[in-house]
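Right, one structure below, let's go through it.
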Amino acid sequence: MKKFVIILVIVLLGIAGWAGATYLVGGQVEKHYREHLARFEKWGPVQMTSESYQRGFLSSKGRTLIEFSVPGSAGDEGEIETKTLQLTLEHRICNGPLPVGGGSFSLAPKLAHIETRLVAATAGEEDLLSKLPWLGAITDVATISLSGRGRDRLLVPGLEKTLEEEQLTIHWGGLQSDTEFSMDLTELAGNLEIASLKMKDDEGSLQWDGAQVDFDLYEAFPMVYLGNYKSSFGPLEVDFDAAGKGRKKVRVEGVAIDSQASQNGSTVEYLQTLKVAKVEVDDAGYGPGELELAMRGLDGEVLSQYQRDALGVYEQESFDPESMGLYMMQVYMRLLSGMIKGSPEIELRKVHIATPEGDFSGKLRLKFHGNEDLEPGNMPALVQQLEGQAQVTADEKLVRTLLTSMISQQIKNAYRQQGFSLPTDEEIAARAGQRVEQQLEGLIGQQFIERSEGKFHGKAVFERGELKVNGNRLM
């Protein structure tokens, strides 16, 4: 009997402890909710406010209103007005340390288990949820550990819809993401999968096999996230009627983007690579193509301020193009003013593209030697601090084809402007070809380009205000 009483007391104490912990954790969840809401209350065009929060013993409920304010056309006269999209999210929160309810019970201690759904969506007077009930099926599930770290899983279901007026059919497999994050959202890691998309109407069709994105990021400076980002895109095929040119077909395969960003003291470094395996336009095939871009010495605090300034465009009283253009001009000038105090460097390490007429490849490097005394408006002083090198190589056939096409168009425009009837395409091409050969021979004779093994080569160096091309001073 005594043993039974002891066991009963232990059980009751355990229940009391669990109940007390659940109540305290419920308070912590509400605290985190309101702190994050205050942090992102106004973020560019997005405003977030709490409509309600009902804290319970085992679970709580909350509602968040998200408003997107964007400029839009108000009429035919080009007037601009602010248009607002309102989304209401409902959260069902199962309090830890042992969340129960909603099928979320687990023996692993957690701060909370949160399920979020969209319960209202309006654009002005228009009820989007009644027109697109599919939006209500989007689900987001987040689990928060006792340390504050969490995992969020978003699921956007597939969509099959036919728009009768446009005679457009849409088949999309949906989207899902899985993200792990720190309590203060300064660390984000996860992946995003976008399923295939098919669209078809009377004028053409589009088919895309989706994409995969993986990321591992951290906030090195306010609003400046660094780390790794990789994405790969499935084949994209578009078939459409081109005005006056008949049926056109474009196919793109093997697109991949790889981005790495790191912190070096007070500066930021980026390395980004874009690869495209193949591009087909009707019967012509292009590719592979590759671009590799590196940036170094970018002031992290200046980039952070630029992010804040850019979001400030949505806080302006007027959204007319002139006011927005003037504001963004000021933002870019502040960015330039900050960058020229340091020594930023941009290097296009590799550009390569294969075409039916031949290949093109090149490199470019620009470095600026800045100091605190430089001003953006002092162009002569800025030029003296800039150095650069560029190198290009292209097959002769490719260069001749591009130049012939450009000069042929110039000849046609000249005839049209003077009101003369156009010669035949063969005659125009012949005249253009003669001009191309004259121009190329002149450039080769002046050593501005070099020819060897069926390719044209060029190299330029800019230093202390002086430009040299293949060793010859140009300015």
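The values are calculated or read from the model by the stated rules, or taken from the named source; none is laboratory data. If you're wondering where the values come from, they're calculated on a predicted model, not measured in any experiment. Every residue, glycine among them, receives a Cβ derived from its backbone with ideal geometry; neighbour counts consider all protein chains shown.
Okay, here's what the table says:
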{"read-out": "Residue in the range 354-361 that is among the hydrophobic types (A, V, I, L, M, F, W, C), assigned to a strand (DSSP E or B) and modelled with pLDDT of 95 or more present", "value": "yes"}
{"read-out": "Where a residue in the range 303-316 is within 15 Å of residue 267 (Cα to Cα) and its partner, wherever it lies, is aromatic (Phe, Trp, Tyr), with Cβ under 9 Å and at least six apart", "value": "303/221; 304/221; 306/332"}
{"read-out": "Residue list for the range 380-400, restricted to those being within 34 Å of the chain's Cα centre (by Cα) and free of Cβ contacts under 8 Å to residues at least 60 places away in the same chain", "value": "382, 385, 398, 399"}
{"read-out": "Search result, residues across the range 260-271 that are part of a strand (DSSP E or B) and over 23 Å from the mean Cα position of the chain (by Cα)", "value": "264"}
{"read-out": "The range 170-181 residues that are at positive phi, paired with ones that are β-branched (Val, Ile, Thr) and part of a strand (DSSP E or B) (beta carbon under 6 Å, 6 or more apart)", "value": "174/156"}
{"read-out": "Qualifying residue in the range 272-284 (condition: farther than 30 Å from residue 401 by Cα and within 25 Å of the chain's Cα centre (by Cα))", "value": "yes"}
{"read-out": "Extreme residue, farthest from the chain's Cα centre (by Cα), among residues of the range 321-346 that are surrounded by 14 or more Cβ atoms within 10 Å (Cβ to Cβ) and touching a residue at least 60 places away in the same chain (Cβ under 8 Å)", "value": "342"}
{"read-out": "Selection count, the range 159-214, where residues are exposed (fewer than 14 other Cβ atoms within 10 Å of the Cβ) and of a type outside the set (Asp, Glu)", "value": "6"}
